[in-house]
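Okay, so here's the structure we're looking at.
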Amino acid sequence: MTNNKKPTVVWFQAITCNGNTHSLLSANSSRLELFLNSFDLIYHPSLTIDKSLNEILESKDEIDFLLVEGAISKNSDFFTISDETTNVLLNKLTSKAKYLVAVGSCASYGGVHAKFEQNDNVVGLEESLDKKSTKNLKHEIINLTGCPVHPEWIIQTLFTLNNFGKMAIDEEGRPKELYSTLAHHGCTRNEYFEWKIEGAWGEKEGCLFYDQGCRGPMTHSSCNKILWNDVNSKTRAGMPCIGCTETDFPRDNMLETKKNIGIPFEVPTGISKRAYLSITGVAKTFTIDRLNKKLMD
Amino acid sequence: MENSLKLFSQKGFYNTTIPDIAKSMKMSVGNMYNYFSSKEELAKYAIKYSTNILASQLREINHMEISSKEKIFLFAKMYFENVKNSPEVIEYFLRVYLSNREVFKQGCEGFLCVGEFVTEVMLLLDEGAQNKEFRDQEFFPAFSMIMGSLGGFAFLSGEAVLDKDIMEYSDAIADNIYRALKYDE
Ligand code: SF4
Ligand code: SF4
């Protein structure tokens with residue numbers, strides 16, 4: 001590394017299950033090492049570090065990258081850190097930051113916590129920030145949706161922002177290079193999808209779209225291209241994609257395909273229902289031995 | 001094409017010959033073979049042709065902004081109008097396609113040749129279930145409720161056993177179909 005001074009990273013945890021932290025810590029070890037060697041992670045509440053959150057808040061130093069995990073609330077009856085609401089802390093930290101990254105679905109738009117009925121004031125970063133706190137930001141907020149977010153997406157985002165200063169994002173604030181394709185792309189079950197062969201939980205054969213609720217064809221993410229732990233993804237392992245990178249997550253009955261009179265309520269992104277139904281009707285007509293048999297006996 | 005549908009439905013698939021068809025189409029036998037390599041191919045083309053007529057009529061109904069109940073009534077009317085005015089379209093389906101499955105086995109498997117029409121029925125049912133006009137059930141029982149009644153009735157008409165004009169039964173049949181599909185509270 002030629003940089004004399006490494007860019008600083010602060011990881012703030014708001015209302016969270018800690019899942020994104022777990023995810024980061026399960027990153028490919030050489031990539032995590034590269035990250036730690038290239039950035040200065042000055043604060044993370046779950047890791048042993050020199051500084052406390054108060055010291056960070058009181059210091060005059062800028063934060064290069066502020067990463068936020070968890071949803072934000074103004075309501076002090078439900079959640080505070082050292083008697084401050086997560087909303088106040090977030091605004092204070094943001095006013096020092098150059099880049100703000102929402103890590104995971106909760107930070108991006110409230111996620112699962114936004115479903116909490118007793119407190120209707122649980123939101124993501126965008127909705128929580130005052131105008132004046134964001135004055136120093138050099139970039140729009142980046143939303144790394146996912147429950148949890150893929151560790152590689154965090155690392156790639158930080159490197160891209162650090163090297164190029166900007167990133168193309170979609171209308172949900174998600175980096176296009178990570179979220180422009182669907183979880184369906186790269187799924188090893190695509191051929192079963194084409195020929196409409198249903199699979200079951202945990203099996204290697206079949207597609208999980210027809211009964212098991214797989215959201216791969218409607219979910220923007222690169223899970224099947226940038227594999228988890230370098231080896232696998234939910235759909236490759238036989239678990240349907242539950243669409244955790246989309247803003248309607250978590251939905252009800254996530255492991256079921258909603259149907260009316262046997263016809264799926266939603267069809268893959270970008271195709272009309274009429275076209276989809278005529279193709280499926282035809283595809284179902286064929287019985288392809290190779291695909292109907294078990295891969296291994 | 002209508003002429004060949006007629007011939008097939010009247011004489012049956014096996015009794016109809018290519019020269020018969022060529023004659024009815026005012027074509028030479030040689031020219032016929034330029035279009036269809038065999039009688040089977042022509043029969044397959046004919047099923048696509050005839051069901052696509054129904055499909056495009058039903059597609060028009062599906063695009064209308066009316067209730068699913070009204071769609072069922074219109075669809076029944078449309079179907080019986082075909083039975084009355086172009087009987088060959090429906091007769092071909094009932095008397096040739098359904099009775100000579102071996103001819104259609106290759107190249108017309110499953111929904112391959114009737115897909116457009118089945119898709120429109122799917123969309124009709126899907127919409128009705130989504131607005132809670134129809135109750136949720138499996139597709140095929142619902143499909144055969146519609147097509148079974150309509151087809152069965154067309155058969156009765158073809159056998160000339162009905163007392164009245166087929167159009168006079170249209171609403172009663174549609175009402176039966178609707179009641180069978182209807183959402184129950
Ligand atoms: S399992 Fe899901 S992601 Fe994989 S092919 Fe089927 S629908 Fe697509
Ligand atoms: S496969 Fe779907 S559910 Fe799984 S992590 Fe990716 S986006 Fe989320």
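About its Cα centre, chain B has a charge dipole of approximately 720 debye under the convention of +1 per Lys or Arg Cβ and -1 per Asp or Glu Cβ, with nothing else charged. Taking a ≥ b ≥ c as the square roots of the eigenvalues of the Cα gyration tensor, an a/c ratio of 1.5 or more together with a/b no larger than b/c marks the stretch B:75-140 as oblate.
The 3J(HN,Hα) values that the Karplus relation (6.51, -1.76, 1.60; θ = phi - 60°) gives for the stretch B:106-118 are, in residue order, 9, x, 10, 5, x, 8, 4, 9, 10, x, 4, 5, 4 Hz. Gly and Pro appear as x.
Restricting the calculation to alpha carbons of the stretch A:165-297 gives Rg and Dmax of 15.4, 52 angstrom.
Across the stretch B:11-25, rounded Karplus estimates of 3J(HN,Hα) from the backbone phi angles (6.51 cos²θ - 1.76 cosθ + 1.60, θ = phi - 60°) give 8, x, 4, 6, 7, 8, 10, 4, x, 4, 5, 4, 4, 5, 8 Hz, Gly and Pro being marked x.
At a threshold of 20 Å², the residues of the stretch A:252-297 that become less accessible to a 1.4 Å probe in the full protein assembly than in their chain on its own are A:N260, A:I261, A:I263, A:F265, A:K273, A:R274, A:L277, A:S278, A:G281, A:V282, A:T285, A:F286. Magnitude of the charge dipole for chain A, about its Cα centre and with charges confined to Cβ atoms of Lys, Arg (+1) and Asp, Glu (-1), is about 780 debye. Peptide B:115-124 has a mean of 5 when you count, residue by residue, the C-beta atoms of other protein chains within 10 Å of its C-beta.
So for chain B, taking the charge dipole from beta-carbon charges (+1 Lys/Arg, -1 Asp/Glu), which of B:G12, B:I53, B:G110 sits furthest toward the positive end? The residue sitting farthest along the positive end of the dipole is B:G12. Split the accessible area of chain B by element, probe 1.4 Å, and carbon with sulfur accounts for 50%.
Given a Förster distance of 51 angstrom, what is the FRET efficiency for A:I81 paired with B:L162, based on the Cβ-Cβ distance and rounded to 0.05? The value I calculate is 0.05.
Of the peptides B:139-145, B:123-129, A:278-284, the ranking by mean beta-carbon count within 10 Å, highest at the top, reads B:123-129, A:278-284, B:139-145.
Rounded to the nearest 500, the 222 nm mean residue ellipticity of the protein assembly as shown from helices alone is -12500 deg cm²/dmol, with -39,500 (n - 2.57) taken per DSSP H run of at least 4 residues. Would you be so kind as to identify which of B:N62, B:S99, B:M167 lies farthest towards the positive end of the dipole of chain B, taking Lys and Arg as +1 and Asp and Glu as -1 on Cβ and the Cα centre as origin? Checked the options; the winner is B:S99. Summarising the overall dimensions of the stretch B:1-83 from its C-alpha atoms, the Rg and Dmax are 16.5, 51 angstrom.
Whole-Hz Karplus values for the stretch A:221-238 come out as 5, 10, 4, 8, 10, 9, 6, 6, 6, 6, 10, 8, 8, 4, 5, 5, 7, x Hz, taken residue by residue from phi with 6.51 cos²θ - 1.76 cosθ + 1.60 and θ = phi - 60°; glycine and proline positions read x. Between amide H atoms placed 1.01 Å from N, distances below 5 Å from A:Y43 occur with A:V9, A:W11, all of them 5 or more places distant or on a separate chain. Please work out the Kirkwood hydrodynamic radius for the stretch A:72-111, using every pair of different C-alpha atoms, and report it in angstroms with one decimal place. Computed over Cα pairs of the stretch A:72-111, the Kirkwood hydrodynamic radius comes out at 10.9 Å. Note on the stretch A:36-162: the C-alpha convex hull projects to 7.8 nm² when averaged across all orientations. Put the Cα centre of the stretch B:1-72 next to the Cα centre of the stretch B:113-185 and the gap is 22 Å.
Amide H contacts of B:F134 (H built 1.01 Å from N, in plane; Pro and chain starts excluded): B:A129, B:Y183 sit under 5 Å, all sequence-distant by 5 or more or on other chains.
Working from label points 7 Å from Cα in the Cα-to-Cβ sense, the A:K92 to A:D297 distance is 6.9 nm. Summed over both chains, the accessible area lost when B and A associate is about 1500 Å², using a 1.4 Å probe. Legend: P(r) of the protein assembly as shown from all alpha carbon pair distances, 10 Å bins from 0, whole percents, reading 4, 16, 20, 17, 14, 11, 9, 6, 3, 0. Cα centroids of the stretch A:176-220 and the stretch A:86-101: 38 Å apart.
Is the C-alpha gyration tensor of the stretch A:99-191 telling us rounded, prolate or oblate? Criteria: a/c under 1.5 is rounded; beyond that, a/b larger than b/c is prolate, otherwise oblate. Present the calculation step by step, with values, prior to reporting the outcome.
Values: a/c = 2.52, a/b = 1.17, b/c = 2.16.
It comes out oblate by the Cα gyration axes.
Note on A:E198/A:E58: beta-carbon distance plugged into 1/(1 + (r/R0)^6) with R0 of 56 Å gives a FRET efficiency of 0.45.
If you look at the Cα atoms of the stretch A:1-109, you get an Rg and a Dmax of 14.0, 48 Å.
In terms of its alpha-carbon gyration tensor, chain B comes out prolate; a/c meets the 1.5 threshold, and the first ratio a/b outweighs b/c.
Ordered from highest to lowest accessible area with the whole protein assembly present and a 1.4 Å probe, B:Y79, A:Y210 read as A:Y210, B:Y79.
How big is the charge dipole of the stretch A:1-143 about its Cα centre, in debye rounded to the nearest 20, if each Lys and Arg gets +1 on its Cβ and each Asp and Glu gets -1 on its Cβ?
Magnitude of the dipole: close to 460 debye.
For chain A, list the DSSP H helices whose alpha carbon atoms reach 15 Å or more along the long axis and whose average Kyte-Doolittle value is -0.5 or above? Going by DSSP H runs, the hits are A:151-164, A:273-284. Across q = 0.15, 0.20, 0.27 Å⁻¹, the stretch A:1-58 modelled as identical point scatterers on its alpha-carbon atoms has Debye log10 I(q)/I(0) values of -0.51, -0.87, -1.24, in the order of the q list. Farthest toward the positive end of the dipole of chain A, out of A:H184, A:L90, A:A275, is the Cα of A:A275, where the dipole comes from beta carbon charges about the Cα centre.
The values are calculated or read from the model by the stated rules, or taken from the named source; none is laboratory data. For clarity, every value in this text was computed on a predicted model and none was experimentally measured. Backbone-built Cβ (ideal geometry, glycine too); neighbour counts: all protein chains shown. In case anyone asks, the SASA skips ligands and DNA or RNA and just uses the protein heavy atoms, side chains included. Shrake-Rupley method; radii C 1.70, N 1.55, O 1.52, S 1.80 Å.
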